[in-house]
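I have placed the structure first, in the form of structure tokens, so that the comments after it can refer back to it.
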Amino acid sequence: MIIGVPKETKSDEYRVALVPAGVEELLKRGHTVIIEQGAGSGSGISDEEYQRAGAQLVVERGEIYDKAQLVMKVKEPLPEEYPLLREEQIVFTFFHFAASKQLTDATLKAKAVAIAYETIRDEHGQHPILTPMSEVAGRMSIQEGAKYLEKPMLGRGILLSGVPGVAPAEVVIVGGGVVGTNAAKVASGFGARVTMLDINTGRLRYLDDIMPKNVVTLISNTQNIRQKVRDADLLIGAVLIEGARAPHVVTKEMVQTMKPGAVIVDVAIDQGGCIETSKPTNHSNPVYREYDVLHYCVTNIPSAVACTSTHALANVTLPYAREIADKGYERAARENPAILKGINMVKGVLTNKAVADAFGMSYRIFQS
């Protein structure tokens with residue numbers, strides 16, 4: 001199979017979908033790898049390293065899409081890439097279709113085979129490709145939140161840890177999954193007072209066992225969220241529903257009760273955001289102020305640490321890419337239920353219920 005890796009076009013996206021070690025592995029199995037020049041530069045990987053691994057470099061992005069049977073990316077195709085998608089071409093990337101009707105319609109129109117990183121789910125119910133990026137985003141949410149709490153950044157002028165005689169910051173995390181857990185680890189390590197809210201009592205018991213004493217767990221309901229949002233110096237949105245648009249669990253009325261100069265980091269923004277006042281931002285213009293609260297809603301947070309993120313992502317995508325390339329997507333989906341769950345569209349047919357529900361569209365379960 002011919003596997004193509006284009007340079008990412010999303011604003012401030014520095015990651016790349018395949019590293020040289022992955023190129024070598026795919027070539028050993030008889031596949032061809034073509035990579036757009038400069039695709040790895042943002043992650044510290046030179047064209048020469050790809051060439052030494054055996055990849056063929058191309059200058060034009062269109063050549064990648066013209067030749068490749070399997071296109072590997074990091075982020076969803078942008079409008080300028082829609083015309084490049086081909087019928088029956090396999091595109092393997094983060095799609096987050098439920099956040100964009102335009103992307104959904106364009107990919108259906110192209111009749112491509114869309115396999116979404118974020119809906120691949122293993123036999124343990126885990127999301128092996130989403131997990132490392134969620135770990136990065138969760139940890140970075142505290143790093144970025146701490147920065148924007150500083151007065152020169154127009155925040156409250158609060159140090160997360162406090163100092164002897166001065167109380168630490170109040171960090172509130174809505175969602176106790178991978179993002180929320182990693183955010184809590186970092187925030188508690190700084191010495192902040194941390195409150196985690198989740199709807200799953202079993203998960204809260206687990207978090208209560210593993211977290212230090214400066215982390216408090218609460219059941220996630222409207223009353224508790226309303227109270228804790230009002231108390232928060234830093235609010236982290238970390239709600240995930242697989243493949244679906246994130247629900248607005250924090251309303252604009254709740255945001256209006258927050259302290260002047262408080263900070264919101266909505267990590268769920270690539271799925272539409274779980275805070276009603278959130279709207280997508282990028283690394284060049286990461287924040288905006290609404291109701292005197294700073295909102296950080298960057299849709300590709302892990303890209304800021306692209307060297308780390310690229311290798312973490314490549315570690316988990318390669319086994320699936322290898323299987324898809326070796327067997328074709330139909331046999332791979334038939335033999336590996338995780339890949340079957342990743343298939344969101346096939347040749348103009350929507351196959352993911354959560355995406356269909358988001359837009360009131362029909363869907364059909366893919367039969368491999």
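A few points about this structure:
- Residue-normalised accessible area of the stretch 268-368, given per residue in Å² at a 1.4 Å probe: 41 Å²
- Net charge over other residues, Cβ less than 11 angstrom from the Cβ of GLY261 (K, R count +1; D, E count -1): +1
- Summing charges over neighbours of THR299, with a neighbour being any other residue whose Cβ is under 11 Å away from its Cβ, gives -2 when K and R count +1 and D and E count -1.
- Sequence-separation-based contact order of the stretch 258-334, relative, with Cα cut under 8 Å and 6+ spacing, percent: 26 percent
- When the charge dipole of the chain is built from unit charges on Cβ atoms (+1 for Lys and Arg, -1 for Asp and Glu) and taken about the Cα centre, the candidate among ILE173, VAL113, SER284 whose Cα reaches farthest toward its positive end is ILE173.
- Value in Å of the Kirkwood radius, where the stretch 76-160 supplies the Cα pairs that are averaged: 15.6 Å
- In the chain, helical runs assigned H by DSSP with n ≥ 4 each contribute -39500 (n - 2.57); averaged across all residues and rounded to the nearest 500, the mean residue ellipticity at 222 nm is -10500 deg cm²/dmol.
- Positive minus negative residues near GLN37 (Lys, Arg vs Asp, Glu; Cβ under 12 Å): -3
- Each part reduced to its alpha carbon centroid, the stretch 328-346 and the stretch 1-77 end up 22 Å apart.
- Remark: spin-label model distance GLU49-ASP231 equals 4.5 nm, labels positioned 7 Å along the Cα→Cβ axis.
- Beta bridges by DSSP in the stretch 149-232, antiparallel share as percent, to the nearest 5: 10 percent
- Where only alpha carbons of the stretch 221-368 are counted, the Rg and the Dmax (Å): 19.1, 56
- Measuring between their Cα centroids, the stretch 178-257 and the stretch 264-320 lie 17 Å from each other.
- Positive-end extreme of charge dipole, the stretch 86-171 - chosen from THR104, MET153, GLN143 (charges on Cβ): MET153
- Förster-model FRET efficiency, 45 Å R0, ALA167 and ASP122, C-beta, rounded to 0.05: 0.60
- DSSP bridge pairs, the stretch 194-348: antiparallel proportion in percent, nearest 5: 20 percent
- Whole-percent pair-distance distribution, where bins are 5 Å wide, for the alpha carbons of the stretch 281-368: 3, 12, 14, 12, 13, 16, 15, 9, 5, 2, 1
The values are calculated or read from the model by the stated rules, or taken from the named source; none is laboratory data. These numbers come from a predicted model, not from an experiment. For neighbour counting, all protein chains shown are included, and Cβ atoms are generated from backbone atoms with ideal geometry for every residue, glycine included. The protein model used for the area step is the full one, side chains on, heavy atoms only, and it has no ligands, DNA or RNA in it. Shrake-Rupley method; radii C 1.70, N 1.55, O 1.52, S 1.80 Å.
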